[in-house]
Each structure stands twice: as C-alpha cells, then as structure tokens.
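J.: A single structure is presented below for examination.
Throughout, read-outs are computed from the coordinates displayed, never taken from laboratory work. The shown structure was predicted, so the numbers you read here are calculated from the model rather than taken from an experiment. A quick note on method: Cβ atoms are made from the backbone with ideal geometry, for glycine too, and the neighbour counts reach across all protein chains shown.
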C-alpha cells in the first residue's frame with residue numbers, strides 16, 4: 001500500500017492542544033501534522049456555544065485548505081459544543097474530539113466510580129464529560145468543576161508557581177474535603193496537564209490524574225487504520241507546520257512548554273481566520 005501522505009490537522013484555542021500534538025507525534029511517527037492555535041481569541045471556555053462553533057468552523061476551514069486527511073479537535077470546549085457540527089460540515093473528512101477518549105480513560109482509571117472533571121466554564125455547562133462517562137459507566141458519580149484560572153496560568157507558562165499552588169488549593173480543597181471524594185481527576189482541558197505537578201502534589205498520589213492526550217492519540221491511530229488513511233512507513237521526514245492567529249513569537253516560547261520541545265518562532269505562520 002502506498003499510504004496516504006496528507007497531513008493530520010489539529011486545532012485548539014491556543015497552545016494547550018500541543019499536549020495532544022505531542023502524544024500524536026509520539027504515537028504516529030510516520031505522519032505529517034498541521035497545528036493551528038487560535039491565540040488571538042482564546043480562551044474558548046468563556047465563550048458562548050454559538051461563538052465557539054463559529055470559531056471552530058473557521059479554524060477547520062483553514063486546515064482543510066492545507067489538504068488535511070483528518071481533523072483532531074485538541075480543545076475540550078470545542079469538542080464539547082462543536083464536534084457534531086464539524087463532523088457534518090467537514091464530511092467525509094473524519095473529525096476526532098478529546099471528550100470521548102478522555103471519558104474512556106477516566107472510566108478505566110476509577111476504582112470507586114467517583115470521578116471529578118476539571119474543565120472550563122463552557123465544557124462544564126455543556127456537561128459533555130458527564131454524559132460521556134455515564135454512557136460508559138451508568139452508575140458513576142461525576143462532579144464537574146470549572147477551573148478557568150488554570151487556563152490563564154498555563155498560557156503564561158506558570159506550571160508550578162506560588163500562584164498556581166494557591167489556585168489549585170482554592171479550587172480543589174472543597175472537593176477533597178468531602179468524605180466521598182473522587183479517586184480520579186480528569187483534566188478536561190488540554191491546558192491543564194501543564195499544571196499536573198501542582199495538582200498531583202495537592203491531591204496526593206492515591207488520586208489518579210487522567211490526561212486525554214494519550215487516549216486521543218490511540219483513537220486517531222485506530223481511525224486512520226480503519227479508514228485506510230495511514231501514511232506509509234517510508235513517507236519521508238516528518239513535517240509539522242504551525243499556525244497561530246496572534247504573536248508567533250509568544251506561541252513558540254510558551255508552546256514549547258506544552259509541546260515538550262523547542263518550537264522555532266520562524267516556523268509559526270501568522271494567519272487571520274476571518275480571512276481564511
């Protein structure tokens with residue numbers, strides 16, 4: 001088989017989705033990628049569902065112009081409110097979100113069937129994680145908590161500072177003061193893994209933190225294989241193209257924290273989605 005050399009498109013409201021891209025790169029070494037961070041309009045988590053859907057459609061329009069063979073919504077908020085709309089608008093290009101894979105990982109990790117989801121305001125209001133978890137484990141007890149300040153801390157690159165520690169304590173202390181506290185925390189925003197060290201330190205090692213990035217990468221690999229879209233093993237040197245809607249220099253500098261490796265700011269193309 002010759003394989004399909006076209007790239008996989010990945011988008012997020014900012015840099016958080018680079019945690020998903022990192023997992024995809026590790027899982028699919030033969031694939032090419034196009035990543036778009038809508039940094040001019042982040043965060044999506046405080047926007048209305050209609051606004052998020054409109055932004056997501058603009059983002060994916062740019063990705064389609066790059067001839068992607070699949071779109072990965074590396075944003076929990078957009079996955080929660082725009083997955084169906086994108087699936088319909090982009091057909092036959094397959095669209096993968098992070099909610100379902102994250103829910104599966106949370107259900108697999110819990111021992112007590114008590115799961116907490118830390119997410120943005122929009123994701124919590126839409127209850128997408130709770131619904132996905134209950135489809136898999138009907139008797140699970142799911143608590144959702146909007147932790148919007150975490151997004152700002154992550155975007156500043158404040159992975160483990162005094163401000164981060166204080167925010168983690170303020171958000172999580174009431175949750176874990178309960179006698180029937182959860183044993184599993186789903187990091188329901190792709191920005192939140194950057195704060196995982198501070199979160200784990202507060203809740204203790206007995207609590208399992210779930211990052212949907214690895215599970216999403218597995219879902220992408222399975223879909224590529226099922227639709228015969230995999231690139232061939234000899235497809236050549238991997239290429240990753242980056243697009244941002246504001247400040248490529250800042251995207252490269254802070255994005256390196258999420259991606260786990262250096263990003264050359266000259267490799268980040270500035271785009272205006274309204275003109276795409």
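J.: With the Cα gyration tensor of the range 193-264 giving a ≥ b ≥ c as the square roots of its eigenvalues, does the rule (a/c under 1.5 for rounded; else a/b larger than b/c for prolate; else oblate) give rounded, prolate or oblate?
T.: Details: a/c = 2.85, a/b = 1.25, b/c = 2.28.
Here the range 193-264 falls in the oblate category.
J.: Express in nm, to one decimal, how much length is gained between residue 88 and residue 218 on full extension, taking 0.36 nm for each residue of separation and deducting their alpha carbon distance. Each step should come with its number before you reach the end.
T.: On the way: separation 130, 0.36 × 130 = 46.80 nm, distance 2.28 nm.
Between residue 88 and residue 218, full extension yields an extra 44.5 nm.
J.: Restricting to DSSP H runs of at least four residues, report the calculated mean residue ellipticity at 222 nm for the chain, -39500 (n - 2.57) per run over all residues, nearest 500 deg cm²/dmol. Before the final figure, lay out each step's value.
T.: Working: 11 runs with 126 residues, N = 276.
That calculation yields -14000 deg cm²/dmol at 222 nm.
J.: With a/c under 1.5 counting as rounded, go ahead and sort the range 70-176 into rounded, prolate or oblate using the C-alpha gyration tensor (a ≥ b ≥ c being the square roots of the eigenvalues; past the cut-off, prolate if a/b is larger than b/c, else oblate).
T.: Oblate, because a/c is 1.5 or more while a/b does not exceed b/c.
J.: Let me check against my output: what whole-number percent is the relative contact order of the chain, with C-alpha pairs under 8 Å and at least 6 apart? Display every interim value, and only then the final one.
T.: Details: 558 pairs, mean separation 77.3, N = 276.
Answer for the chain is 28 percent.
J.: Ordered by packing density, taken as the mean number of other Cβ atoms within 10 Å over each peptide's residues, highest first, how do 153-166, 24-37 rank?
T.: Details: 153-166: 16.9, 24-37: 20.6.
The densest-packed peptide leads the list: 24-37, 153-166.
J.: Here's something else I'd like to know. Sequence gap at least 6, Cα distance under 8 Å: using those rules, report the relative contact order of the range 166-276 to the nearest whole percent.
T.: Numbers: 84 pairs, mean separation 22.2, N = 111.
Result for the range 166-276 is 20 percent.
J.: Hey, how many Å between the Cα centroid of the range 111-129 and the Cα centroid of the range 170-226?
T.: Going from one Cα centre to the other spans 10 Å.
J.: Can you give me the angle between helix 248-259 and the longest principal axis of the chain, using Cα atoms only, in degrees from 0 to 90, rounded to the nearest 10?
T.: Tilt relative to the chain: about 60 degrees.
J.: Which whole-number percent is the relative contact order of the range 1-114 (Cα, under 8 Å, 6+ apart)? Could the numbers behind the result be given before it?
T.: Values: 154 pairs, mean separation 33.1, N = 114.
Reported as a whole number, the value is 29 percent.
J.: Oh, and also: Could you order the peptides 203-216, 65-78 from most to least packed, using the average number of other C-beta atoms within 10 Å per residue? Don't jump to the answer; show the numbers that get you there.
T.: Values: 203-216: 19.3, 65-78: 24.8.
Ranked from most to least packed, the peptides come out as 65-78, 203-216.
J.: Would you please put 144-152, 82-90 in order of how densely packed they are, using the mean number of other Cβ atoms within 10 angstrom per residue and starting with the highest? Kindly include the intermediate steps, with their values, before the conclusion.
T.: Working: 144-152: 19.9, 82-90: 17.4.
Result, highest mean Cβ count within 10 Å first: 144-152, 82-90.
J.: Further question on the same structure: For the chain, take the longest principal axis of its alpha carbons; what is the angle in degrees between that and the long axis of helix 18-27, to the nearest 10 within 0 to 90?
T.: So the helix axis and the longest Cα principal axis differ by about 70 degrees.
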